[in-house]
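Read through the structure below, which is laid out as structure tokens, and then see the notes.
The values are calculated or read from the model by the stated rules, or taken from the named source; none is laboratory data. Predicted, not measured: the structure shown is a model, and the values here were computed from it. Please note: Cβ atoms are built from the backbone with ideal geometry, for glycine as well, and neighbour counts cover all protein chains shown. Just so you know, the surface numbers come from the protein's heavy atoms only, side chains and all, with ligands and any DNA or RNA stripped out. Shrake-Rupley method; radii C 1.70, N 1.55, O 1.52, S 1.80 Å.
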Amino acid sequence: MSVVGKSVERKDALDKVLGLAQYVDDMHFDNMLIAKGVYSKETYGKIISIDISKAERVKGVVKIVTSKDIPGENLVPIVRKDMPFLAEDVVRYYGEPVAYVAAETIEAAEEAVKLVHIQYKPLETVLSIEESIKEKAPKIHPHGNIHKSYKIRKGDVARGFSEADIIIENEYRTPHQEHSYLETNGMLAVPAYEGGITVYGSMQCPFYVQEGVANILNIPLNKVRIVQTVTGGGFGGKEDIPSLYAGNAALLAYLTGRPVKLVLTREEDFFTSSKRHPSLIKYKTGARKDGTLTAIEVTYYLDGGAYSTLSPIVMWRGLIHATGPYRCENVRVDSHVVATNRVHCGAFRGFGQPQVIFAHESQMDILADKLQIDPAEIRRINAVNVGDETSTGQKLETSVGLLETIEKSVDKSEWQQKRSIYEQDKGDKRRGIGVSSCFYGVSLGAGGRKYERSGAYVEINRDSSVNVAVGTTEMGQGMRTVLSQITADALGVKYEDIYIVPVDSTRVPDSGPTVASRATVMSGNAIRDACRQLKERLGKVAEEMLKIPREVLVWDNDEVYFKQNPSVKLTFKSVIEEAYKRDVHLATQGWFVAPYTTFDEETGQGWCYFTYVYSTNVAEVEVDMTTGIVTVLKVTAAHDLGKAINPALVEGQIQGGVVQGIGYALIENLLYDKSGKMINPNFSTYIIPTSVDTAVIDPIIVEHIYPDGPYGAKGFGELPIIGVAPAIVNAVFHATGVRMKELPVTPERLFSVIGEKK
Amino acid sequence: MRRFSVIRIRSLEHLFDLAEKGMTNPYFLAGGTDLLIKIKDDLLIPPFTVLDISGLQELRSIHFEQDYVRIGSLVTHGEIEKHPELRLLFPSLTDACHGVGSPQIRNRATIGGNIGNASPAADSIPPLYVYGAELHLVNSKGERWVKIEDFFTGPGKTIRNPVEIIKEIRIPAEKRDYGTYLRLGQRKALAISKISLALAGKKKNGSMEDVKIALGAVGPTVIMAVETSLYLRGKELSSEVIKEAGNIIEKEAEPITDLRSSKEYRKKMCSTLLVKALTNWKQVA
Ligand SMILES: Cc1cc2nc3c(=O)[nH]c(=O)nc-3n(C[C@H](O)[C@H](O)[C@H](O)COP(=O)(O)OP(=O)(O)OC[C@H]3O[C@@H](n4cnc5c(N)ncnc54)[C@H](O)[C@@H]3O)c2cc1C
């Protein structure tokens, strides 16, 4: 009786519903200090002086740190090291941390923050991609304004365009997006014995945080223990920047010898945490009359903000997916992530893909319109299938479910009928239906080869209950549930008997980050490796107890039985009891290294990801022509993810992704004033969708088994948001005849174009 | 958030006593949905005194009298939106209160606080303009009645002196033929209005009489579209009239560009919302 494939209840559901889950802000230690940050009020400036003397005199203030107090390296270790834990001579964005205060009470800390006096000499700012790439632009970093560039060269684009019957060329723009996780960032650092330190906190990547803390304190990794607390959402936002908060909390704890808690307010979190990169995309597509693509040429810019954080690999992922899930022999892509004096951008669900997919799916729609081909059909015509090649020359060998996602979403949404029904709308309210397809390379691939391994520690207790420790984290996505299901099936025991222990860096070796939809495949396979070893040991015991060779024993549903005669059996419990009597070692480490991937920076060719997931979204909208307001009526979303370990969780991911996609397409807009200060850093002015802004969501699960994944699973989580915005914008085109090339499609923007057209 | 102390007011007399003794910068806490945010954002300059008036039962009721309907200032948006008699008499007001925030906010936030906070985007205010509401202001020294359009002087600014409490709002109990409230926000719920329009009017022998129109979020205070009303007087609700009224109202409004919307869009939407309101009226008539 397998639990894989069943919608079992989430492990953490009850705790969260009852309010029992302990977030970092719920934790308390005796003698604990409260930390508050001093954040730059200058967008770009030289620091002339920092005066903490008044602030130090506030009653209750115990310690104020600036960059001078850092014993280790003042650089947050991410992809390339350019972001300091605390600004030294220069601040590069409004909100950059310059100092931290630790005090007995939050009031004292807040008071002191106001009294830290920093003098700046303002420098000329760079606030957009266009400004940043100008020849005479002020240089934000010694290396200039380009954080990183990547390219793809495949075939011969000139020839490809000469073979085209139609060429379309457009520019697209997308904005910042804030993750809007429920729980803001927070860390609690506690001095441990012999100069060690323990940090508890909200995070996705404990091993990144561990490296960060070791770096700032200049102590070895073995002295730094990281424990992840229940994490209230991440969406990529807790991948890079928690290292900075943890580092500063640890610094204060280290210097005071007392526990220090640093929890950010929503505004502080908005100002200092990474965002989704804004983009500027120049996209040229050539196709034959029948719709087949002949050439694609893209120049893709991302605004990386003041520091590069994860930008290079965000850019890289965007690059690899820039041409969409389509066959095209002639491809040229240039991508650059540039520096500006705005907040640093990093990981956000989709990781550099939603921007460029908005562009390529708009291009496909424009092509379809110009060539008088049905938009779903033009995608079908070009869709990759098993045996086809990606733009980087990777041959797709198995598990390519794209065509099925197109078919299923089109059928289920009644695409054909609705295309013609909606075209009849001629009044103030006009409906439209649009489609988009995309793919997503699972895990880090060649871009993060050095992190492509994960460990798991599985231990069977004497009462036959099972503990599992992994290095990937639960942040709300359901990992603890899915990994419990995998463990239960791997051992043939009940789901209820599995407990995934809190993530602690001392339990398993560095398992890489919890990003890129990788936890199911990476930790799942590591668990299976551990369970295989344990079952071998248990097999010997059962074999002797039953006097039947272990090759013909079946482990299932808390029992082990003889394949040919299931009535010859033992309970799992009795085997465990016997194993304990015999001193069998019932705990072990599992390990998984991802399949081979590679990338050649010169040609942009390579086997970039070990597998891909695929999706097609069909969106239906109603546009009020008198106001420009777009209402999303329905989104039918079909996703090929290999195997749904827990279908309810998969559907939940799709629903959440669609809602986030609606926000990205229509509503969310981070605003800056002319000086470069973010002006809507909270939820009363940075607007995200509410339940009434959502649509009817129809999730469709497509399963093209991936043989190397646990039970055929490929990984899921990021894909659901990626294709939503273009599907909506394409539906708006169908409804109104207006092509919007910049997100978000606010009523103001749409109405101004509809008004012009009228 | 800074620490502050709260004085719980037991009765109006208690309030007046305290006022006589003198208080520094008093603020009333009714539902607290505006006030607490201001305190949290450090927008109130200390020292200040927070007077919790939420326990004053006498400000919680709604009375229907011969000439007036009297609404206590502590009545919540939730109570107003669900009130069947108010709905019949003042649909523009009940519509407006229905659109405020979310159910949680509507259950806490009061109409007195909405007025006291004096935002040009406050939803209950435009309907109070079109229904000719008056405010009963009282303090230890006496009382006065003020017409709602004379009350506001700018965003967050009113003629009220700090220890004066809005005790109630009275609205002439006059039945109109039509009333509506239309608003646009940045999303479909829990959004501050980026433009709003309240309209109430009567008809006589098929033509409009006494149509009152108020616009929210297009100026420093709510404004009345006087010229548009004048134009509509005595006219039939025809498509041409509706269209022309739309053109006139666009010229009356002087909105600005801010975080929530642009000047141009707001101007156009004055016309759109009026056309919608009048067209609906035409359809129900
Ligand atoms: C999430 C959220 C959503 C919101 N959405 C909306 C919306 O859609 N539309 C809208 O209009 N508003 C909205 N608001 C604002 C707010 O809820 C309203 O303005 C509400 O009516 C304020 O009432 P209150 O009782 O909470 O006022 P309080 O916060 O208690 O007081 C507000 C101000 O009025 C003064 N005051 C209160 N009572 C009196 C009185 N009896 N006499 C004199 N002065 C008084 C106080 O001194 C204070 O300055 C929203 C607020 C939040 C937090």
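Here are some notes:
- Search result, residues across the stretch A:539-575 that are in contact with a strand residue (DSSP E or B) (Cβ under 7 Å, 6 or more places away or on another chain), part of a strand (DSSP E or B) and among the hydrophobic types (A, V, I, L, M, F, W, C): A:L553, A:V554, A:V560, A:F562, A:V568, A:L570
- Restricted to the stretch B:180-200, and to residues there that are surrounded by fewer than 24 Cβ atoms within 10 Å (Cβ to Cβ) and among the β-branched types (V, I, T), the residue that is farthest from the other protein chains (Cβ to nearest Cβ) is B:T180.
- Selection from the stretch B:97-115 of residues that are near the ligand (Cβ under 6 Å from one of its atoms), outside any loop (DSSP other than H, G, I, E, B) and of a type in the set (A, V, I, L, M): B:I105
- The condition (being open to solvent by 30 Å² or more (accessible area, probe 1.4 Å), within 14 Å of another protein chain (Cβ to nearest Cβ) and out of contact with any Phe, Trp or Tyr (no Cβ under 7 Å at 6 or more places or on another chain)) is satisfied by just one residue among A:E88, A:E107, A:E124, A:E131: A:E107.
- Inside the stretch A:576-601, residues that are farther than 18 Å from A:S454 by Cβ and assigned to a loop (DSSP other than H, G, I, E, B) make up a count of 8.
- Restricting B:F28, B:F16 to those that are within 14 Å of the ligand (Cβ to nearest atom) and either within 14 Å of chain A (Cβ to nearest Cβ) or farther than 30 Å from A:E267 by Cα (or both) reduces the list to B:F16.
- Members of the stretch B:261-285 that are open to solvent by 60 Å² or more (accessible area, probe 1.4 Å) and without any contact (Cβ under 8 Å) to a residue 12 or more places away in the chain: B:K263, B:E264, B:Q283
- Checklist (1) closer than 15 Å to B:G112 by Cα; (2) more than 9 Å from the ligand (Cβ to nearest atom); (3) open to solvent by less than 40 Å² (accessible area, probe 1.4 Å) applied to B:H77, failing item: (2)
- Any chance B:V146 is in contact with a strand residue (DSSP E or B) (Cβ under 7 Å, 6 or more places away or on another chain), of a type in the set (V, I, T) and without any contact (Cβ under 8 Å) to a residue 24 or more places away in the chain: yes
- Identity of the residue in the stretch B:206-222, more than 16 Å from the ligand (Cβ to nearest atom) and part of a strand (DSSP E or B), that ends up nearest to A:G663 (Cα to Cα): B:I213
- Residue in the stretch B:232-239 that is more than 14 Å from every other protein chain (Cβ to nearest Cβ) and closer than 18 Å to B:Y131 by Cα present: yes
- Scanning the stretch B:116-135 for residues that are outside any strand (DSSP E or B), more than 8 Å from the ligand (Cβ to nearest atom) and buried (at least 24 other Cβ atoms within 10 Å of the Cβ) turns up B:P126, B:P127, B:L128, B:Y129, B:V130, B:Y131, B:A133.
- Annotation note: Cβ proximity below 7 Å between a residue of the stretch A:663-683 that is closer than 18 Å to A:E131 by Cα and within 11 Å of chain B (Cβ to nearest Cβ) and a residue that is assigned to a loop (DSSP other than H, G, I, E, B) and modelled with pLDDT of 95 or more (sequence gap 6+ or interchain) occurs for A:L671/A:I679; A:L671/A:N680; A:D673/A:I679.
- Pair list, Cβ < 7 Å and 6+ apart or interchain, from the stretch B:236-256 residues that are touching a residue at least 12 places away in the same chain (Cβ under 8 Å) to residues that are open to solvent by 80 Å² or more (accessible area, probe 1.4 Å) and of a type in the set (D, E): B:I248/B:E227; B:E252/B:E227
- The single residue among B:V138, B:V163, B:V146 that is away from every other protein chain (no Cβ under 14 Å) and in a loop (DSSP other than H, G, I, E, B) turns out to be B:V163.
- Screening the candidates B:T110, B:T158 for the property of being outside the structural domain of B:K194 (by TED's automatic domain parsing), among the polar types (S, T, N, Q) and buried (at least 23 other Cβ atoms within 10 Å of the Cβ) yields one hit, B:T110.
- Lone qualifier among A:V8, A:V79, A:V3, A:V58 - being in a loop (DSSP other than H, G, I, E, B), touching a helix residue (DSSP H, G or I) at 6+ places or on another chain (Cβ under 9 Å) and closer than 30 Å to A:R449 by Cβ: A:V79
- Yes/no for B:K203 being among the basic types (K, R), farther than 30 Å from A:S691 by Cα, assigned to a strand (DSSP E or B) and away from every other protein chain (no Cβ under 12 Å): yes
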